[in-house]
Amino acid sequence: MSIHNFLRLFVPPLYYEIKHRIVNRNLPPIYPLPLRKRKGNKMIVIGNGPSLSQSFEKYKDIICNTECVVVNFFASTEWYEIVRPSVYVLNDYAFFEVPDKLKLSVDKLLSNIISKTCWDMTIVIPNYAKNTEIVVKLSQNPNINIMYFNVDGKLSEYMSKFEAWDKNLISPPGGTVLVVGVWLSLYWGYPETYLIGADTSWISELKVDQQTNQLYTIDRHFYNNSDVYKENNLYDVEHRRILPNSIYYELKCITECFKSYEDLEEYANWKGLKVYNASEYSLIDAFERKKLQN
């Protein structure tokens with residue numbers, strides 16, 4: 001190896017450091033994502049898909065006695081105080097820039113989290129949301145510790161993608177909040193990560209109004225299995241904008257999400273860890289299927 005290449009590996013040139021500072025000067029700062037003390041060798045990442053009801057029926061005791069990651073509106077359900085999750089992930093921009101039509105739902109969610117959380121819990125949100133109203137409200141509860149994952153970093157030519165993920169220097173792969181949940185479990189080094197309630201069946205739930213061309217999703221969750229038609233508004237986190245509402249962009253996002261799970265499987269192998277899909281129903285085929293067990 002030449003001296004030049006050796007130095008490139010171990011001593012990043014001054015010009016790179018200057019360039020990095022110039023390119024990132026207008027980006028929100030990167031906040032450390034501390035390691036957590038594990039209470040066991042297993043983390044369960046809980047999605048809110050319809051199949052979660054079956055998982056609760058079959059594996060309630062296991063779920064309630066294992067560290068869990070929950071997401072989005074889980075605290076608006078009766079299961080929140082039963083499961084007592086260790087980690088809560090809020091990733092959707094709508095939690096931080098709340099649209100009028102979601103204000104009541106988000107206010108109820110925050111109220112539940114603040115009033116009902118009587119155990120130690122970590123809430124993880126994007127770093128750009130550090131100074132938003134939601135942080136001020138959640139900080140009222142002393143049992144809640146807020147951490148931030150970075151969505152604004154740039155991958156360095158001196159570091160692999162997985163190394164950057166392992167240092168919270170760049171965003172975990174895009175897609176859904178469950179992607180962040182799985183990444184967190186791997187980031188914190190849990191030997192086994194189990195995914196439940198991860199139906200990820202959006203392809204079959206897409207609908208296009210045949211008169212107006214308006215794109216809708218049949219919005220199904222374990223706490224509401226009826227058909228709720230939701231107008232799609234896809235948000236581009238990188239550019240802070242709402243994407244055009246079309247089947248093309250929706251399918252593109254779905255494809256990227258499934259690719260993210262493939263990337264997470266590679267990341268797990270890179271760290272010598274395992275991710276299992278224990279959902280009763282799921283279209284995610286990136287992870288080995290395995291039932292929950294003690």
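Note on surface exposure: TYR248, TYR281, TYR88 rank TYR248, TYR281, TYR88 by accessible area, highest first, 1.4 Å probe.
May I ask which of LYS39/LYS259; LYS60/LYS291; LYS154/LYS274; LYS167/LYS271; LYS42/LYS290; LYS39/LYS137 have a Cα-Cα span longer than 19 Å here? Those over the limit are LYS39/LYS259; LYS154/LYS274; LYS39/LYS137.
Let me check I've understood the local charge: for SER51, count other residues with C-beta under 9 angstrom from its C-beta, Lys and Arg +1, Asp and Glu -1. What total comes out? Residues near SER51 contribute -2 overall. With the simple spin-label model, which puts each label point 7 Å out from Cα in the Cβ direction, the ASN65 to LYS108 separation comes to 3.3 nm. Other residues lying with their Cβ under 14 Å from the Cβ of GLU288 contribute a combined charge of -1, Lys and Arg counting +1, Asp and Glu -1. Accessible area per residue was computed with a 1.4 Å probe on protein heavy atoms; SER115 scores about 90 Å². Using heavy atoms of the protein chains and a probe of 1.4 Å, the accessible area assigned to TRP202 is about 70 Å².
Cross-link partners of LYS101 among aspartates and glutamates, defined as those whose alpha carbon lies under 17 angstrom from its own and excluding same-chain residues fewer than eight positions apart: ASP92, ASP219, GLU231. Measuring with a 1.4 angstrom probe and ignoring ligands and nucleic acids, ASP61 comes out at about 110 Å² accessible.
For the stretch 41-56, the Karplus equation 6.51 cos²θ - 1.76 cosθ + 1.60, evaluated at θ = phi - 60°, returns couplings of 9, 10, 10, 9, 9, 9, x, 9, x, x, 5, 4, 4, 5, 5, 5 Hz by residue, with Gly and Pro reported as x. The calculated FRET efficiency for SER204 paired with TYR158, based on their beta-carbon distance and R0 = 51 Å, is about 0.75. For the stretch 197-208, 3J(HN,Hα) computed residue by residue from phi via the Karplus equation (6.51, -1.76, 1.60; θ = phi - 60°) reads x, 9, 4, 6, 9, 4, 4, 7, 9, 6, 9, 10 Hz, glycine and proline entered as x. For the stretch 103-181, the share of alpha carbon pairs falling in successive 10 Å distance bins from zero is 16, 41, 30, 12, 2 percent.
Distances between placed amide hydrogens fall under 5 Å for GLY47 paired with ILE196, GLY197, ALA198, all partners being 5 or more residues away or on another chain.
Straight-line reach from LYS37: which aspartates and glutamates have a Cα under 20 Å away, not including same-chain ones fewer than 8 places off? By straight Cα distance, LYS37 reaches GLU67, ASP120, ASP166, GLU192. When the solvent-accessible area of the stretch 75-151 is split by element, carbon and sulfur atoms take up 47 percent of it, the probe being 1.4 Å. ALA164 sits among other residues whose Cβ lies under 13 Å from its own Cβ, and their net charge, with Lys and Arg +1 and Asp and Glu -1, is -2.
Remark on TYR276: its backbone amide H falls under 5 Å from those of THR193, TYR194, LEU195, a criterion applied only to residues 5 or more positions apart or on other chains, H modelled at 1.01 Å from N. Computed extension gain for LYS290 through TYR248, at 0.36 nm per residue and net of the alpha carbon distance, reaches 11.8 nm.
So who's got an amide H within less than 5 Å of the one on VAL124, skipping anything under 5 residues away but keeping other chains? H placed 1.01 Å off N, in plane. The answer is TYR88, VAL89, LEU90, MET147. Taken one residue at a time, the phi angles of the stretch 112-129 give Karplus couplings (6.51, -1.76, 1.60, θ = phi - 60°) of 5, 4, 5, 7, 9, 7, 10, 10, 5, 9, 9, 9, 10, 9, x, 5, 5, 9 Hz. Gly and Pro are set to x.
The values are calculated or read from the model by the stated rules, or taken from the named source; none is laboratory data. Because the structure is a prediction, the values reported are computed rather than measured. In this analysis, Cβ positions are derived from the backbone assuming ideal geometry, glycine residues included, and neighbour counts consider all displayed protein chains. SASA here: full protein model, heavy atoms, side chains in, ligands and nucleic acids out. Shrake-Rupley method; radii C 1.70, N 1.55, O 1.52, S 1.80 Å.
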